[in-house]
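Enquirer: Structure incoming, see below.
The values are calculated or read from the model by the stated rules, or taken from the named source; none is laboratory data. From a predicted model like this one, the values you see are computed outputs, not experimental measurements. All Cβ positions, even for glycine, are placed from backbone atoms using ideal geometry, and neighbour counts span all protein chains on display. We work out accessible area using only protein heavy atoms, side chains counted, and drop any ligands, DNA or RNA first. Shrake-Rupley method; radii C 1.70, N 1.55, O 1.52, S 1.80 Å.
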Amino acid sequence: MKGRVLAIDMPSGRASQAALIVDGRVEDLLMDSASETTQPDIDAVSWARVDRVLPNGAGAFVQLAQDQMGFLREAKGLKAENGVLVQVIGLPEPGKAAPVTRKLLYKTRLVIHTPTAPGINVSRQIRDPEEQGRLIGIVEGWSPDPDTREPALQKYWTMHSEGGFIVRSAARNASDQDVLDAISCALGMRSNHEGLTRSSEPGKFVQARLAMDDALMEWTDPIPDMIAVTNKLASRLVPSGPWDGLALGEDIYAAIRSDEGDPFEHFGVWDEVERLQRPLVDLPSGGSMIIEATRAMVTVDVNTGDHFSQGAGMTASIEAARELPRQLRLRGLGGQVIIDFATIKKMHRKKIEEVLKTAFRKDPVPTTLAGWTPLGNFELQRKRERRPLSELL
């Protein structure tokens, strides 16, 4: 079907899963890790215990929870057995600790609270000066609602000394109340975590958002045409949590009946997942690319199939460059990526590079295009923000 569809489910064995489908094509995929995983998820917040501080302030190893270790570079003033509130900022390489930071971010759909970074910043995608001024004024004028329990949040928010806020692009034209509610939600998350540091021992908890929450928070700008859920889940999707302020009418929800399967089956997501488990990706011109993840890097090999002309090599390489961000995103792959494009003339490399820049500019994951290697391959570095799909399945 045409339009943007969010397919959300809470299957047995996994807390939640979500897919973004645009004009019938799966564009993004989120799945929660299995409960028995020993690796923390990105953005998970932990009241960690300092295990070992390295000499000369080089960092510290911290215990996030049982069998989960993190590495903190900001170790100044810490000693072994100290408790420290940290957030996971990347997935660890095999056998290594997860990178963590003390500079926490509390994300909601409309705003991000930055406890260690004072001031108010507005997304660069909001260019209208009047709208920028309106949103800054809302944040500056925030105060707890005296009719609720929110006065307790006031101590967590003293502008320019107790942190700041980033107003996200989704806040464009949002109502004043929705932005205020998002601020309260972000401060409430911070209050909750800081409260847990006073009531529990360090190294005992890791809190992460559900894939469902991330989907509703990150994929709803613009507002989707449909959110497809099971009948069982439909009653639970009420605006609350980090995606509060999501103005959805009842007609946007489409409950999938039990005889239609789950939402992933109904919209063909499982068929796409099956294809993603294979290294071969077919290209429209008849060529292909093979994506394989090793411990050290991700390798991509582009082939022209049965066509051997210079034009065929250029066509296949352009198609692969356009498709690559989607494939890496859906497969959950990051780190160093080496691409062996089909044979093309050196004078045409600039065109391939421009296509890559355009394609990755639309991808939300930070990616650095390093350029061509002496052997004629293209190298890029993509932040590891997700667990590989192969692990989640």
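Enquirer: Can you work out which of the residues in the stretch 176-233 that are closer than 16 Å to Q87 by Cα and among the β-branched types (V, I, T) is most open to solvent (accessible area, probe 1.4 Å)?
Expert: Selected residue: V206.
Enquirer: Take the residues in the stretch 335-393 that are touching a Gly at 6+ places or on another chain (Cβ under 8 Å) and β-branched (V, I, T), then tell me which one is surrounded by the most Cβ atoms within 10 Å (Cβ to Cβ).
Expert: Residue satisfying both the conditions and the ranking: I344.
Enquirer: If you don't mind, another one. Of all residues in the stretch 16-37 being among the β-branched types (V, I, T) and touching a strand residue (DSSP E or B) at 6+ places or on another chain (Cβ under 6 Å), which is farthest from H266 (Cα to Cα)?
Expert: V22
Enquirer: Right, here's the next one. Return yes or no: is I290 more than 30 Å from T220 (Cα to Cα) and of a type in the set (V, I, T)?
Expert: yes
Enquirer: Within the stretch 158-244, which strands (runs of 3 or more DSSP E) (wholly inside it) include 1 or more residues that are at pLDDT 90 or above?
Expert: 164-167
Enquirer: Regarding the stretch 10-21, can at least one residue be identified that is touching a Lys or Arg at 6+ places or on another chain (Cβ under 6 Å) and surrounded by fewer than 21 Cβ atoms within 10 Å (Cβ to Cβ)?
Expert: Scanning the stretch 10-21 turns up no residue that is touching a Lys or Arg at 6+ places or on another chain (Cβ under 6 Å) and surrounded by fewer than 21 Cβ atoms within 10 Å (Cβ to Cβ).
Enquirer: Would you mind finding the one in V45, V88 that is modelled with pLDDT under 95 and touching a Gly at 6+ places or on another chain (Cβ under 8 Å)?
Expert: Going through V45, V88 in turn, the sole match is V88.
Enquirer: I'd like to verify a number: residues in the stretch 285-305 that are touching a helix residue (DSSP H, G or I) at 6+ places or on another chain (Cβ under 6 Å) and part of a loop (DSSP other than H, G, I, E, B), how many?
Expert: Looking only at that region, the number is 3.
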